[in-house]
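Asker: First the structure, then my questions, so here it is.
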Amino acid sequence: HAGGRGKAGFVKLVRSAKEAEDAARFMLTNKMVSYQTGAEGLEVRKLLLAAGVDIEHEYYLAITTDRGTRRNVLIASAEGGVEIEKVAAETPEKIIKAVLHPLLGLQAYQARRVAFELGFTGKHVGQFVKIATAMAAAYVEKDCSIAEINPLVVTKSTPDKPGQLLALDAKFNFDDNALFRHEDIQAMFDPTEEDPLEMRAKELGLSYIALDGSVGCLVNGAGLAMATMDIVKHHGEKYATGGKEGISPANFLDVGGGASEEQVTGAFSILLGDPKVRGVLVNIFGGIMDCAVIAKGIVNAATKFENPDGSKGFKVPLVVRLEGTNVEAGRRILKEAAGSLPTLQAATDLTDAAEKVCGAVG
């Protein structure tokens, strides 16, 4: 589920069974590395075999949400078959847009205007209108975050058959928050394509996104989590010396409004399941919750934590910052636990926490 497949060598044109076999063997025994996968690449588990098409011209067509206008928008370009991000950056005048009405969707007259701007004539205008309006309707009906056809092509005409407008490759991304009302889409879900740690977090009701850094972050509240990541990155920059990269967050992890022992235990297992994590920062604001209760949960979870090698207890630096209701009692609990948890450090505020965890990791 990543772009850049062609340039990565994972779109092959074959003309014989032997070429098809060789191409399949290459794809199934190598990881695909593209600008969207990162250096680690993606393992290929399935192949799509399609009949070849003689192409006259390639186009790009997509429906997505414009965050600036807060409206759904159709995006089209006569520069299809390539990364649209590159086209938008280098030749933005080649990008054509049509804003969808929030109630009526994409209107036929809008699609016709786009078709004319793309250079379509004759029957291809009607074919484009049909494809674009159907795509816009599906985008809304299926709660998509993006619907993309790349390339949309005009095939070469033959004496027996005139050129046709065909969608050769399409990609639909769906809003996870709306999947509960789309059983047909849920049935297509392939867990092998997901990050195992993100799958585990979803099972525990945690919001987790893996990043590239070395400091695991466990926070309650999305806003506080973002601020925590920013300040870790800020204080970690001082360690970027002599060609060495600075210290940065390894993840976004929001345990939600609470921070029970069960949640913290599960969160620790996710954080330390990432081999890049060399230290953990826990940043909890106890609004309604009592900081003393939260501190006990953190200490118990860290003490009972089972490492991948089967040993118990936290082995990497663990910095905890608490703020809120009954915070002094919570800090006393953390201080008293230092004997049984030698890697534990209590922080007085967020700046102190970031400095301590970056210092321990760096």
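Asker: Cβ-Cβ distance below 7 Å, separation of 6 or more or different chains: which pairs start in segment 217-230 with a residue that is free of Cβ contacts under 8 Å to residues at least 12 places away in the same chain and end on one that is in a loop (DSSP other than H, G, I, E, B) and among the aliphatic types (A, V, I, L, M)?
Answerer: none
Asker: Same structure, new question: Mind checking which residues of segment 10-30 are surrounded by 13 or more Cβ atoms within 10 Å (Cβ to Cβ) and either of a type in the set (Lys, Arg) or touching a residue at least 40 places away in the same chain (Cβ under 8 Å) (or both)?
Answerer: Of everything in segment 10-30, just one residue is surrounded by 13 or more Cβ atoms within 10 Å (Cβ to Cβ) and either of a type in the set (Lys, Arg) or touching a residue at least 40 places away in the same chain (Cβ under 8 Å) (or both), namely Lys12.
Asker: Would you mind finding the one in Glu21, Glu43 that is over 30 Å from Gly163 (Cβ atoms) and at pLDDT below 85?
Answerer: Values: Glu21 fails: at pLDDT below 85.
Within the list Glu21, Glu43, the selection yields Glu43.
Asker: Next up: Here are some residues: Ala301, Ala250. Which one is in the same structural domain as Ala353 (by TED's automatic domain parsing), under 17 Å from Ala360 (Cα atoms) and hydrophobic (A, V, I, L, M, F, W, C)?
Answerer: Exactly one of Ala301, Ala250 is in the same structural domain as Ala353 (by TED's automatic domain parsing), under 17 Å from Ala360 (Cα atoms) and hydrophobic (A, V, I, L, M, F, W, C), namely Ala250.
Asker: Quick one: which residue in Leu61, Leu49, Leu13 is touching a helix residue (DSSP H, G or I) at 6+ places or on another chain (Cβ under 9 Å) and closer than 22 Å to Gln127 by Cα? Even if it seems obvious, please write down each step before you answer.
Answerer: Working: Leu49 fails: closer than 22 Å to Gln127 by Cα; Leu13 fails: closer than 22 Å to Gln127 by Cα.
Exactly one residue qualifies, and that residue is Leu61.
Asker: Can you list the strands (runs of 3 or more DSSP E) lying wholly within segment 254-362 that have 1 or more residues being among the polar types (S, T, N, Q)? Break it down into steps so the answer makes sense when it comes.
Answerer: Values: elements: 279-286, 318-324, 344-347.
Hits in segment 254-362: 279-286, 344-347.
Asker: Sticking with this one: Got a sec? Which strands (runs of 3 or more DSSP E) wholly within segment 118-229 have at least 3 residues that are outside the structural domain of Cys291 (by TED's automatic domain parsing)?
Answerer: Numbers: elements: 144-155, 165-167, 170-174, 207-210, 215-219.
Because the criterion is at least 3 residues that are outside the structural domain of Cys291 (by TED's automatic domain parsing), the strands (runs of 3 or more DSSP E) in segment 118-229 that meet it are 144-155, 165-167, 170-174.
Asker: If you check Ala98 against the conditions, is it within 26 Å of the chain's Cα centre (by Cα), surrounded by 13 or more Cβ atoms within 10 Å (Cβ to Cβ) and among the aliphatic types (A, V, I, L, M)? First the steps, then the outcome.
Answerer: On the way: within 26 Å of the chain's Cα centre (by Cα): no; surrounded by 13 or more Cβ atoms within 10 Å (Cβ to Cβ): yes; among the aliphatic types (A, V, I, L, M): yes.
In short, no.
Asker: Looking at Lys233, Lys238, which one is out of contact with any Lys or Arg (no Cβ under 9 Å at 6 or more places or on another chain), in a helix (DSSP H, G or I) and either among the hydrophobic types (A, V, I, L, M, F, W, C) or loosely packed, with under 15 Cβ neighbours inside 10 Å (or both)? First the steps, then the outcome.
Answerer: On the way: Lys233 fails: either among the hydrophobic types (A, V, I, L, M, F, W, C) or loosely packed, with under 15 Cβ neighbours inside 10 Å (or both).
Of the residues listed, the single one that is out of contact with any Lys or Arg (no Cβ under 9 Å at 6 or more places or on another chain), in a helix (DSSP H, G or I) and either among the hydrophobic types (A, V, I, L, M, F, W, C) or loosely packed, with under 15 Cβ neighbours inside 10 Å (or both) is Lys238.
Asker: Here's a follow-up. Could you say whether any residue in segment 77-100 is more than 19 Å from Ala147 (Cα to Cα) and among the hydroxyl-bearing types (Ser, Thr, Tyr)? Before the answer, list the steps.
Answerer: Filtering segment 77-100 down to residues more than 19 Å from Ala147 (Cα to Cα) leaves 89-94.
If we keep only those that are among the hydroxyl-bearing types (Ser, Thr, Tyr) too, we end up with 91.
Looking through segment 77-100, at least one residue is more than 19 Å from Ala147 (Cα to Cα) and among the hydroxyl-bearing types (Ser, Thr, Tyr).
Asker: Among the residues of segment 241-257, how many are crowded, with 16+ Cβ neighbours inside 10 Å and either closer than 19 Å to Glu198 by Cβ or of a type in the set (Gly, Ala, Ser) (or both)? Break it down into steps so the answer makes sense when it comes.
Answerer: Going through segment 241-257, the residues crowded, with 16+ Cβ neighbours inside 10 Å turn out to be 246-255.
Filter once more, keeping what is either closer than 19 Å to Glu198 by Cβ or of a type in the set (Gly, Ala, Ser) (or both): 246, 248-255.
Result for segment 241-257: 9.
Asker: Buried (at least 16 other Cβ atoms within 10 Å of the Cβ) and without any contact (Cβ under 8 Å) to a residue 60 or more places away in the chain: is that true of Ala2 in this structure?
Answerer: Working: buried (at least 16 other Cβ atoms within 10 Å of the Cβ): yes; without any contact (Cβ under 8 Å) to a residue 60 or more places away in the chain: yes.
For Ala2, the condition - buried (at least 16 other Cβ atoms within 10 Å of the Cβ) and without any contact (Cβ under 8 Å) to a residue 60 or more places away in the chain - is met.
Asker: Hey, can you tell me all the residues within segment 31-70 that are in contact (Cβ under 8 Å) with a residue 24 or more places away in the chain, charged (D, E, K, R) and under 30 Å from Asp175 (Cα atoms)?
Answerer: Selection gives Arg45, Glu58, Asp66.
The values are calculated or read from the model by the stated rules, or taken from the named source; none is laboratory data. All values reported here derive from a predicted model rather than from experimental measurement. Ideal geometry is used to build each Cβ from the backbone, glycine not excepted, and the neighbour counts take in all protein chains shown.
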